[in-house]
Structure formats: C-alpha cells, structure tokens
Protein chains: 2
Amino acid sequence: MARVYDRYKSKMQKVADINHAIAVLSWDKEVNLPKDSAPHRSQQVATLAGMSHNEFVSKDFGALLNRLANMKSLSAAEKKNISVTLDAYQKATKFSEAFIIRKSTIESNAYHAWLKAREANDYGVFKDALKELVDLKREEAKKLKATEHPYDALLDIYEPGLTVAQLDPIFGGIKISLKKLIKKINKSKQVKNNFLRKRYSWNKQWEFGLDILENMGYDFNRGRQDISAHPFTTSFSPTDVRVTTRVDENDFAYMLWSTIHEGGHALYEQGLSSEEYGLPTGSYISLSIHESQSRLWENHVGRSKEYWSFWYPSLQAEFPKNLNNVSLNKFYAGINRIAPNLIRTEADELHYHFHVLIRYEIEKGLIEGSIDTDNLSEVWNEKYKEYLGISAKDDNTGVLQDVHWGHGSFGYFPTYSLGSFYAAQFYAQAEKDIPKLNKKIAKGNTTPLLNWLRENIHQHGRRYEADELCNNITGESLNVEHFLNYANTKFKSIYKK
Amino acid sequence: MARVYDRYKSKMQKVADINHAIAVLSWDKEVNLPKDSAPHRSQQVATLAGMSHNEFVSKDFGALLNRLANMKSLSAAEKKNISVTLDAYQKATKFSEAFIIRKSTIESNAYHAWLKAREANDYGVFKDALKELVDLKREEAKKLKATEHPYDALLDIYEPGLTVAQLDPIFGGIKISLKKLIKKINKSKQVKNNFLRKRYSWNKQWEFGLDILENMGYDFNRGRQDISAHPFTTSFSPTDVRVTTRVDENDFAYMLWSTIHEGGHALYEQGLSSEEYGLPTGSYISLSIHESQSRLWENHVGRSKEYWSFWYPSLQAEFPKNLNNVSLNKFYAGINRIAPNLIRTEADELHYHFHVLIRYEIEKGLIEGSIDTDNLSEVWNEKYKEYLGISAKDDNTGVLQDVHWGHGSFGYFPTYSLGSFYAAQFYAQAEKDIPKLNKKIAKGNTTPLLNWLRENIHQHGRRYEADELCNNITGESLNVEHFLNYANTKFKSIYKK
C-alpha cells in the first residue's frame, strides 16, 4: 500500500522540481535578467511549463490517482493529498500541452509589453497584449466550466471554491462600513506623516529592513533578500524562500512595510513541511490564507503601537535628523494616516479595499465581456473618481500600476482583501490564545506569535481548506466583523479629535 | 524536406531550454544559494537532468536523426548538425535516465562535500565522495567504450576526439621546452610585483573590472557580472551570457586577469548565432577552443605591454598611492613575473602548464586505477615537489584547490593547456591578418581583434571541429611552436638581465 502512495509522492515531487525550476527562472527574470534576453527566457519558461503539464496529466498518473482515491488504508492527510491532486488533475487534463505553452508565451509577451508601456507611461503600448491575454483567460475559464459566473473559474485558481456570489456581498458590506468609518475620520484633524518623506539613506534602510526580517524569525540560511521593481516572495522549497524589496531614499514607508509584508509571506513558506515537499500538505492553502500572513505582519504587528514602542528608538538612532523631533505617538499616527491615494501598494488599511474592489469589478467585467480592454484607462479613472474621489495623473499611476495583469493573474486581487479579513480574525484569536501577546511584541519578542502561526497554520500545509482552517482556529467561518472591529477601534483612537 | 529538419531543430531547442534551465539553477547555486538549501536544489537539478536526457534519447528522435543523416538535400551546415547530434545521440543512449539522475546526485554531493572539506581545510572530508565519483566516472568511461585508454572516453566529452595518445607527446614536449626556458629565466634578476599586493579598494576594483569588460566588447545588455568564490562564465543563450569574478582587497591580480579571462569566454558565447540556438552550429566547438578565447584575452592581450600602455594611466589614476612610483615597464614586468606558486588560477603563463600536467597525470591514474583516492593528498604534494619544486602548506592550497573534481569534471583540465596553445597560434595569425593590431591595442582599440574572432571563430559555432577550424584559420593543425615562440620572445625580453 505504502508503495503505491510513494509512487504518487515521487511523481508529485518530480513535477514540483520542474515548477520550482520555473520559479527560479522567474525570480531571476525579476531580479537579474539582462535587458535583451527576455525572448529566450520566455521560451525556456514556456518549455518547462509544457513539460510540467505533460508530466502531471499523464494517463498513468490519472490511473494511479483514481486507484489511490479508492484506497481505504490511507491516512487522513494522505487522503486529503489525493483528493486535492485529483481535482487539480481533472482541471489540468482540460488543457493540452500546446495550450499551456501558448499561455506561457502570451503571458511573457504581456509582461514585457507591460514593462514597455510602463517605460512609455502609455497604456496604449500594453493594450493589444492585454487583449490577447484577456481572450486567453476567457478561453481558459470556458474550458474550466464554472457553473455560475465565468470569472468563478479564475477565482478558483487562486482561492479554491471562491465565487462571485460569495464576493459580491462581502465587498458590498465592506464598502458601506468603510465609507462610514472614513467619513468619520475625515471630520477629525488629519495626522501628519511628512517625516516619512525625508531623506533616508539607501544602505541604512537596507540594513534596517534586514534587522526587521531577522527579528520576525525569517531564516537567512533558508532564503535571501534582493531588490526588484515589484516586491515579491517566491519559494523553491522550504529551504529556499526568497523575498525582494525596494528602496526609495525619499520615502521610508516604501521599503519598510513592503519588507514586513513579504516577510510574512516568507515565514509561511519557511514554515511548511520539508518532508511534504511537492504535496498539498507541503504547500500553502490558498492565496487569501497566504495574504493573511503578510497582512497580519504588515498591519496588525508592523503598524501597531506596541511594535514601534520597541523598534522606534533604534529607528530614531539610525535617522536622528529625521525623527528626533517626532514622538512615538506622532510616528504611530503618521504611519497609520488615512487618506486616499492612487497607488494600491501604498494605500492605507481602509482605502486599500477600494483599490481591490476596483480591480475586482474590472476583471469581472473583462471576463464576462461587459468591459473592453480598449478604453480601460478611462474605465479605471472613472472608478477611482467614484470610489476614492481622485484621478490618476497618468497611466503609470493608473491602469498600469500593478504587474498582475501583465503576469496573466486574473482572479488574484480579491484574495488581497480576503487576506486582510482573515488576518484580523486570526490575530484576534492569537490575542486570546497567547498570554500578553501585545506586551511581548512591545518587548521586541514576536516569537510566541510566530510559534502560534507555525502551529495553527504553517505546519499543516493544505491539510485543511481555508474555511476549515478558519473554523478550526477561530470557531467560525470568515467574518469581516473582526476586521471592522479592529479598524474601528484602531482608527477611532488615532483620530479621536 | 525543410519540415523534417525543423522537427529536429525544435526538438534540439526544447532540450537546450531544459539544459539552460539547469544552467540557471547552477549559476544561482554558485552566486545566490542560501546555506541550507543545497539538497533541494540538487534534487531539482537531477530531475531536470533526467528529463533532458530522456527527451534527447527518445526512439522517435533517433529515427528522425537517422532519416536526416541519409538526406542529401541538406546544406553542409545542416549535415554537420545532424552528424554531431547523431554522435551525441549514440553516446547518450548508452545511459539510462536513472544513471543520469544518479550521476547528477553524486556530483552534487561531491560538490557539497568539497565545499565542506574546503571549510575544514581537510581532504579527508572530501575523500569518500570523491571515491564514489571516480567510481562513477570509471563506469561512465566503460559504458562509452574508449578504444585505447579508458580516460580517452572522458577527454572526448570536453574535447571531441582527444586521446591520451595525442596528449602524452604534447605534454612531454612542452615539459622539456618550458623547463629550459624557466631555467634561463631563473638565472636572470627576478622582477618585482609586490605593488599588486597593496590595498586596492573593493569598489574601485569592481568598477575597473566592469570598464575592462565593456571595453573588450562584452555586452551588458546580454549579460551581467556577479561575485562567486570561483569565477566562471555561463550562458543561457547568446542573449544572456554571465560572468563572475572575485575581489581581494590585498591582491589586485586576483580580480583583474580572472575578469579578462572570463570576459574572453563570454565574448565567444555572445558571438554565437542566436538563430542556431540549441544546435551545434549555435554552440562552441570544444573546451580547448573555448579556452583559447579566454587565454588569448587574458595573456596575449591582457598581459601585453601594448594593452597596458593604454590602460595603465587610468589604473594609476585610480590607485595613485600604489602605482605612481611604478613605471609602465616595471608594471608590465611585474604582471608577467615567472615564479612557481601553489595555485593554478594564479600561476604564471609558463608554470601554469605544470599545474595542468599534474592534474592530467592524476586523472589518468585515477581512471585507469593506478592512483587511489585514499592518499591523493600525498600524491599531489609529491608531484608539486617534482614539477614545481614546492609543496602545499595544506589541503586548501593543495589537492582541494580546484572545484572541477567536485563537479565531476574529469578530462577537463588538459583543455586548459591546449587552449593556451591554440590561443598563441590564433593570435600569431591575427597579428598577420589585422594591420597594426598591436598599435590599435595600444590605443585601447580591441574591436578589430574581436571582429576577427567573431568572423573566424565565434559566428561558426561548431560548424567545424577544432582541428578543422585551426587549419582553416592558420593553415596548419595545432602546433605548440607558436606558444613556445611567443613565450621565448616575451620572457627573454622581460628577463634580459
């Protein structure tokens, strides 16, 4: 019996090896690639993508999976692995190797068109490649046959089981509650954060970011940090989980919360089981759970008063000119300033969800065909005016700002909001479970929190689905009230005047 | 007809894509790998190596190759591609995928054992892994069935057709001639090079190295330079050819000639045809021809008086404290100082070949079974005493110094000497073909030389074998007299007193 399961395991690990080779090539593309080598690199990635697909969808493997699915002697974790893999197998067999290679090539082209469009600050340069990509995504969704909305099929890729029918009411409710809270805040005296925009030396920022990561528990023997235009985390195995960041000498916030955010992602990946490499039980659950880890560290830890009551003296010592006249209270208020802005990755914790909502509405429209790529720049600007009351000055601060569409990631954005909501729910539970958590954080000790996350979330891999995990930990399904409570309490205290 | 050949081409490019993915993973291993991730990375490389092999040895491909080998309508270049590939196919089919994966794994293990042995400065730590590797290499040689000496099968991997029967007389002759020349030199007054061992700032060295590479014609839009413990060049396509270097603040030579050397390799790879990607006509001929390019730039250009008559003023301006009291003549003599030393990569142009000879004799012995891995450290030291009159202080400056055996590269070293001899022969021809070549170099203009190399060597890929190319360019086969003439003239002039 064990031997049949081992055949499954070694096949999965072979596929994982290929997929992680693709991940190395992609990491290298973002961090190191020489200017003129994009076409060859795209071809290499496409070849590997095709091979990985072929390896996975082989008939022998399908037969093996079906045989294992009917075996009663497997452990619960093994059964879970088989059922997740069988589902993935059934979806993968809807696509030919040629489709996968075409998809990889179209995505690479779109990415490089997006880079060129960014250089020209002109959506027109990206438009055709995006249209080709949207058509491909619609074709992909069609093959995957969602029961209700075609966009459901794409949501499911990143968040298994997620549907438009679930998301619409969540965003509908959050929209009203956040508008109400923001309205209240707008009546208070605005807090200042101009001290973040002084000159912060590149090297000192870089060193400070490394200290922060190390203190979080990020293991540099099993990872490294580099610079890329768009910060990201990638994993080639639990022993090689890499983060990237960015540094702006005139904006300390640009580096810092991005570093903590990616650090949160990386701790999840470093906390997965090395023995379960390549299997669902050795993999993250879904992107919203992944994002719950990054947002938890970024916001609940990294923007808390306790955290900075520990770190702020070191920060002041590093940058005395910029910060010696700024009290901890003012610093804390400033880093939590609520104000609409154009850039999602720099948005405050409340407006952030309007940024996501806009992308959700646009993607839904593109996939169902009610929005066209032709005038996307205008659609974008109208939505920003409607939801945030501001308009992009140009395409780079507007429709071109995120890399996701250039990567072919449609259905991904909603997990950013869900992740924030899960983060709030998990953190509320951690505060109950860990005695004096906030006091510990105020002493620079986040180890109990990391241990709690390791024990409750990381170590299980995808042993449970998102909803199951949430119930296991908190005793209920995702409930946005936790996020709203957190936000109301925090921001009413900051904006009390 | 064209369509059959196109099927061949696309198969070859698929295999090349996988092999280049392996090259990216290997580059990343040397440049970036986190400390604890070696085992997973080794597994990923082994999986890809197995897949590449399987893809290449498929029966369909064999049939296609045989069909193409009998087609009369192919161009000469196409015929050459088919015959080279058929030969490689016949050799590859002697190995199973399991053997290839085992080989990749044993090589990775040996590499990491070598790293650990280096850390401990103890050959004993490497010994068992090396024994396993030597056994594997003997098995590999046996499967490849060399007609005369089993080592011939391994030489052939790096230098098609090269045999012990060819090498023995070459090394035998060169040994006598070099000993004679060195004896003469030893009677002259020794030149000084202590100015190279002053403090040279890391950043300035790095910048100077980049200037040198750029001036050589290395295209940074199609490559990049990084730091690694052991400098190397790798290519993922002609549009992404990367070099690495090393910097020692107390030894300027450590960085500089290594940078020029790798630059020479890289120019060859950047000069290959992008259209012939994955085919023999888009690939280098052999390692000795590759090495001819690096040694030509390193020694014939990079250690020439003309080259430094252009560069030396800039170097003095960068490091005035170290060099303002050193004349160009003294600098030139110093960088060409002849003296035995323990480290191959830092050896002078004459003693260098004794370093290679020692490795050649040891490898031959290991493969035929007359030398054992057990007491290799002693064998090493005896040979150094015999050929260079010096003994290693420890294993790191002795038997552990080169990474090659840790990589499983047996049969590789002899190409270093052959490369130097080819370099001398090619350079002598270039001096005839290019009007006032040395005057141009003295003006900092190496473009005519690069163009000559591009036209005569790089652009052809493996359209010709090494001997054929050498005859095409110089009208004769490899003739070590060119090297000996060059060496006698140069060093008698430097050591005239």
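Applied to segment B:45-56, the Karplus parametrisation 6.51 cos²θ - 1.76 cosθ + 1.60 on θ = phi - 60° returns per-residue 3J(HN,Hα) values of 5, 4, 4, 5, 4, x, 5, 4, 4, 4, 4, 6 Hz, with x for Gly and Pro.
Considered as an equivalent ellipsoid built on the Cα gyration tensor, the protein assembly as shown has semi-axes of 55, 34, 28 Å, the largest given first. With its label point put 7 Å out from Cα toward Cβ, B:Glu119 sits 4.3 nm from the same residue's point in the other copies, in order from shortest. Summarising the amide proton neighbourhood of B:Ile338: residues at separation of 5 or more, or on other chains, whose placed amide H is nearer than 5 Å comprise B:Val191. Each other copy holds its own label point for B:Pro448; taking that point as 7 Å from Cα along Cα to Cβ, the gaps run 7.8 nm, nearest first. Using the average count of surrounding beta-carbon atoms within 10 Å as a protection proxy, the listed peptides B:349-360, B:293-304 rank, highest first, as B:293-304, B:349-360. Taken along the Cα-to-beta-carbon direction at a fixed 7 Å, the label points for B:Ala165 and A:Lys192 span 8.9 nm. Residue exposure proxy: A:Val243, B:Val24, ordered by other Cβ atoms within 10 angstrom of their Cβ from fewest to most, comes out as B:Val24, A:Val243. When both segment A:137-200 and segment B:293-372 are represented by their alpha-carbon centers, they are found 62 Å apart. Relative to the globular-protein estimate of 2.2 N^0.38 Å, the Cα radius of gyration of segment B:157-234 stands at 1.73. Could you tell me whether chain B comes out rounded, prolate or oblate from its Cα gyration tensor? Rule is a ≥ b ≥ c as square roots of the eigenvalues, rounded for a/c under 1.5, then prolate if a/b exceeds b/c, otherwise oblate. Prolate shape, in that a/c is at least 1.5 and a/b is the bigger ratio. By other beta-carbon atoms within 10 Å, ranking A:Ile494, B:Ile18 with the fewest at the front produces A:Ile494, B:Ile18. When only the Cβ of Lys, Arg, Asp and Glu is charged (+1, +1, -1, -1), the dipole of segment A:164-494 relative to its Cα centre reaches about 1880 debye. Under the simplified labelling scheme, the B:Lys184-B:Asp122 pair shows an inter-label distance of 4.8 nm, with each label point 7 Å from Cα along Cα→Cβ. Between this copy and the others, label points of B:Asn186 are 9.0 nm apart in ascending order, each placed 7 angstrom from Cα in the Cβ direction.
Which order, highest average first, do B:248-260, B:39-51 follow once you tally other Cβ atoms within 10 Å for each residue and take the mean per peptide? It would help to have the intermediate numbers written out before the result.
Values: B:248-260: 19.8, B:39-51: 22.4.
Output ranking for B:248-260, B:39-51: B:39-51, B:248-260.
Less than 5 angstrom separates the built amide H of A:Asp251 from those of A:Tyr200, all sequence-distant by 5 or more or on a different chain.
Sum -39500 (n - 2.57) across every DSSP H segment of at least 4 residues in the protein assembly as shown, then divide by the residue count to get the 222 nm mean residue ellipticity, nearest 500.
-20500 deg cm²/dmol, from helical runs alone.
Please list, by residue number, every one of the GluC sites (Glu not before Pro) in segment B:403-497 that is coil in DSSP and has at most 13 other beta-carbon atoms within 10 Å. Those satisfying the criteria are B:Glu476.
Where both residues lie in segment A:195-354, what percent of DSSP beta bridges are antiparallel, nearest 5? Antiparallel: roughly 60 percent of the beta bridges in segment A:195-354. Shielding by partners for peptide A:48-58, expressed as the average number of C-beta atoms from other protein chains within 10 Å of each residue's C-beta, is 2.
Express as a percent, rounded to the nearest 5, the fraction of DSSP beta bridges in the protein assembly as shown (both residues included) that run antiparallel.
Values: 10 of 16 bridges.
Among the beta bridges of the protein assembly as shown, antiparallel pairing accounts for roughly 60 percent.
Calculated FRET efficiency, B:Glu346 to A:Asn472, Cβ-Cβ distance, R0 = 51 Å: about 0.25 to the nearest 0.05. Taking 11 Å as the cut-off, the amide N atoms of segment B:225-256 that come nearer than this to a point 7 Å along the Cα-to-beta-carbon line of B:Leu210 belong to B:225-226. Other protein chain C-beta atoms within 10 Å of residue C-beta, averaged over B:240-246: 2.
Applying 1/(1 + (r/R0)^6) with R0 = 45 Å to the Cβ-Cβ distance of B:Ala69 and B:Lys175, what FRET efficiency is obtained, to the nearest 0.05? All intermediate terms of the calculation are to be shown ahead of the outcome.
Numbers: r = 42 Å, r/R0 = 0.93.
Step by step, r from the Cβ atoms, then E = 0.60.
Taking the Kirkwood radius as the inverse of the mean 1/r across Cα pairs, report the Rg/Rh of segment A:2-147. Don't skip to the end; give the middle numbers.
Working: Rg = 18.5 Å, Rh = 17.3 Å.
Ratio of gyration radius to Kirkwood radius for segment A:2-147: 1.07.
Only beta bridges with both residues in chain A are counted; by DSSP, about 60 percent of them are antiparallel. Couplings 3J(HN,Hα) for segment B:250-261, derived from phi with the Karplus relation 6.51 cos²θ - 1.76 cosθ + 1.60 (θ = phi - 60°), are 10, 7, 5, 5, 3, 7, 5, 6, 5, 4, 5, 4 Hz, where x marks Gly and Pro.
Determine the shielding of peptide A:219-229 by partner chains: average, over its residues, the number of Cβ atoms on other chains within 10 angstrom of each Cβ. Numbers along the way, then the final one.
Working: counts 3, 3, 4, 5, 4, 5, 0, 1, 0, 0, 0.
The shielding value for this peptide is 2.
The string of couplings for segment A:392-401 from the Karplus curve (6.51, -1.76, 1.60, θ = phi - 60°) is 5, 6, 7, 5, 5, 8, x, 4, 8, 5 Hz, one whole number per residue in order, with x for Gly and Pro. Of all beta-carbon atoms in chain B, the one sitting closest to the axis that brings chain B onto chain A gives B:Ala21, 3, with the distance in whole angstrom. Treating r as the C-beta distance of B:Glu382 and B:Trp202 and R0 as 41 Å, the FRET efficiency rounds to 0.60.
Taking all pairs of different Cα atoms in segment A:223-354, averaging 1/r and flipping that mean, what Kirkwood radius in angstroms comes out?
On the way: mean 1/r = 0.0618 Å⁻¹.
Mean inverse Cα-Cα distance, inverted, gives 16.2 Å.
Any read-out appearing in this document is the output of simple, stated calculations on the displayed coordinates, not a laboratory observation. What you see is a predicted model; the values in this text were computed from it and never measured. Note that we place each Cβ from the backbone using ideal geometry, even for glycine, and neighbour counts take in every protein chain shown.
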